[in-house]
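Below is one structure, written out as structure tokens; the observations come after it.
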Amino acid sequence: GIATIAVNYSDAGQMQLNASFSGSGAEAGLVMTGSDLFVSRPAGFCVTASTTCTAGDDTCPAFTSAGTAFPLSLQAVAWQVDGDTDFCAGNSGTANYSASNLGLSASILAPSPANATGTLSPTSYNHGAIVNGLQSVSVTESEVGVFEFSVTPPSYFGYSLGTFTSAPIGRFYPDHFSDTSD
């Protein structure tokens, strides 16, 4: 016999599903067993900071000075509905997701065009299994402006997860000014 079973596992990991059938009536004595592995992976990542600015331009309020460390929150999240594009709204975290060397990057939105793009540090982090799948990484951005921050996780049991980007974060402002006059 063949059976199709819809499985919804709201966390991440490689799982083994065991199934058995014990017949009755005309099928008394019939016993069928089977098992198979399946992978449940995060649907995406929610990337946030304490302050966002949907405008993404120079009208954004001051956030922090360039070069000052701030917490970037990265949450591996479960599937909610097909076509979901906002992983920060309504998706539960995947507590068992873990991976090493998730790439971090930043893209400047304002000013545009920018004279310099700055340097993000660190450029990767390790995501350990944690309640709600939420990691906080202390990062610095060396340049002023408004940025989007992205995370690119490595493949997960052979499945590519993609790249996930924050809403606009900033405005990063100068830490200080130097006088270069003689």
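The values are calculated or read from the model by the stated rules, or taken from the named source; none is laboratory data. Given the structure is predicted, the values throughout are model-derived calculations rather than measurements. Cβ coordinates were reconstructed from backbone atoms using ideal geometry, including for glycine residues, and neighbour counts include every protein chain displayed. Areas reflect the complete protein model, heavy atoms only, side chains present, ligands, DNA and RNA absent. Shrake-Rupley method; radii C 1.70, N 1.55, O 1.52, S 1.80 Å.
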Practice problem: Step through the residues of the stretch 32-39 one at a time and calculate ³J(HN,Hα) from phi using the Karplus curve (6.51 cos²θ - 1.76 cosθ + 1.60, θ = phi - 60°), rounding each to whole Hz and writing x for Gly and Pro. | Solution: 10, 10, x, 8, 7, 8, 9, 10
Self-check item: Highest to lowest packing among 86-93, 68-75, 34-41, 4-11, scored as the average C-beta count within 10 Å
Solution: 68-75, 86-93, 34-41, 4-11
Quiz item: Of VAL144, VAL47, VAL81, which has the largest mean-square fluctuation in a 10 Å C-alpha GNM of the chain?
Solution: VAL81
Exercise. Please build a GNM for the chain, connecting alpha carbons under 10 Å apart, and tell me which residue among GLY133, GLY25, GLY145 fluctuates the most.
Key: GLY25
Practice problem: Step through the residues of the stretch 149-154 one at a time and calculate ³J(HN,Hα) from phi using the Karplus curve (6.51 cos²θ - 1.76 cosθ + 1.60, θ = phi - 60°), rounding each to whole Hz and writing x for Gly and Pro. | Solution: 10, 10, 10, 10, x, x
Quiz item: Which value, in Å² and to the nearest 10, is the accessible area of TYR159 when all protein chains are kept and the probe is 1.4 Å?
Solution: 100 Å²
Quiz prompt | Charge context of SER65, other residues only, Cβ under 13 angstrom, K/R +1, D/E -1 | solution = -2
Quiz item: Computed over the Cα atoms, what is the radius of gyration of the stretch 96-138 divided by 2.2 N^0.38 Å, N being its residue count?
Solution: 1.54
Self-check item: Diffusion coefficient, µm² s⁻¹, Stokes-Einstein with Kirkwood Rh over alpha-carbon pairs of the stretch 2-51 at 4 °C and 1.567 mPa s
Solution: 90 µm²/s
Practice problem: Heavy atoms only, probe 1.4 Å: what % of the accessible area of the chain goes to carbon and sulfur, would you let me know? | Solution: 49 percent
Practice problem: Counting only C-alpha contacts under 8 Å and six or more residues apart, can you give the relative contact order of the stretch 1-160 as a whole percent? | Solution: 25 percent
Quiz prompt | Percentage relative contact order, the stretch 56-137, counting C-alpha pairs under 8 Å, at least six apart | solution = 40 percent
Self-check item: Measure of compaction for the stretch 70-182 (Cα Rg per 2.2 N^0.38 Å)
Solution: 1.25
Practice problem: Let me know the Rg and Dmax you get for the stretch 1-127 when you use only its Cα atoms, in Å. | Solution: 23.2, 79
Quiz item: Build a GNM of the chain with springs between Cα atoms under 10 Å: which of VAL77, VAL139, VAL151 gets the top mean-square fluctuation?
Solution: VAL139
